[in-house]
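To keep things clear, I will list the structure first and then write my remarks on it.
The values are calculated or read from the model by the stated rules, or taken from the named source; none is laboratory data. Here the structure is a predicted model, which means the values were calculated and not measured. Cβ placement follows ideal geometry from the backbone for every residue including glycine, while neighbour counts extend to all protein chains displayed. Areas reflect the complete protein model, heavy atoms only, side chains present, ligands, DNA and RNA absent. Shrake-Rupley method; radii C 1.70, N 1.55, O 1.52, S 1.80 Å.
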Amino acid sequence: MQLSFAENASFEDIWTHIEEKLESGSGFFLRGTLVLVPRERFLHEELEKLQKLFHAHGLICRPTTRQDAQSAPVVETKAGQHKTAAGQKPSEQVQEMVVVNRTLRGGQEIRTDSSVLVCGNVNPGAQIIAGGSIDIRGTCRGLVHAGAAGDTSSFIIADHLMPTQIRIANLIARSPDHMEMTERAERASIKDGQIVIEPIER
């Protein structure tokens, strides 16, 4: 998993968002996952703090340059499993995640083959189309499509999940016309061939 960050984000903000995500128990990060962070983005002592934080949650944090990250590309196999061209071990698979440290307003769009983490709201008229899962640290009122390439294991999480339309793989669901804001975060995933929304603990 390769993380990228907004250029104007401070280390304190990045640290807070990552710590919240790791402690949320949402299952967004899998134990043993290799996490790549851009070496040139952080000071040496900041990198050490990040490595200790990820290690405490069972993940492997490796500072890397852009050239290093590109030297071991991920290859999709016919069985739907991933391996790397450089012969990495399965526990060191690299999966990208787009981190958006702002609210998405109407007319704005995020389109990516990777997973998406939004630290803000997704307003009506905004949309996210992701090849992987989507996690919104705020209220989702826009259009969200996870697993856009057909990955039925993808999911969508939001502190308040109230989208105009929700899609996972090739399934589509709409929110009721009148929907009250819940106090707990919710997760949408595919179960028994349909999209199911259920409350979760952050």
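Could you give me the residue pairs with C-beta distances under 8 Å whose first residue belongs to region 48-64 and is in contact (Cβ under 8 Å) with a residue 24 or more places away in the chain, whose second residue is assigned to a loop (DSSP other than H, G, I, E, B) and of a type outside the set (Phe, Trp, Tyr) wherever it lies, and which are 6+ apart or on separate chains?
Partner pairs satisfying both residue conditions: His57/Arg31; Gly58/Arg31; Gly58/Gly32; Leu59/Arg31; Leu59/Gly32; Leu59/Thr33; Ile60/Gly32; Ile60/Thr33.
Please enumerate the residues belonging to region 176-189 that are open to solvent by 40 Å² or more (accessible area, probe 1.4 Å) and either at pLDDT 80 or above or over 10 Å from Leu161 (Cβ atoms) (or both).
The answer is Pro176, Asp177, His178, Glu180, Glu183, Arg184, Arg187.
Looking at region 147-172, which of the residues that are assigned to a strand (DSSP E or B) and without any contact (Cβ under 8 Å) to a residue 24 or more places away in the chain is surrounded by the fewest Cβ atoms within 10 Å (Cβ to Cβ)?
Across region 147-172, the extreme among qualifying residues is Ile172.
Would you pick out the residues in region 101-123 that are surrounded by 14 or more Cβ atoms within 10 Å (Cβ to Cβ) and outside any strand (DSSP E or B)?
Across region 101-123, the qualifying residues are Asn101, Thr103, Arg105, Gln108, Ser114, Cys119, Gly120, Asn121, Asn123.
For region 34-57, does any single residue satisfy the condition of being within 17 Å of the chain's Cα centre (by Cα), modelled with pLDDT of 80 or more, part of a helix (DSSP H, G or I) and surrounded by fewer than 17 Cβ atoms within 10 Å (Cβ to Cβ)?
Looking for residues that are within 17 Å of the chain's Cα centre (by Cα), modelled with pLDDT of 80 or more, part of a helix (DSSP H, G or I) and surrounded by fewer than 17 Cβ atoms within 10 Å (Cβ to Cβ), one finds none in region 34-57, hence no.
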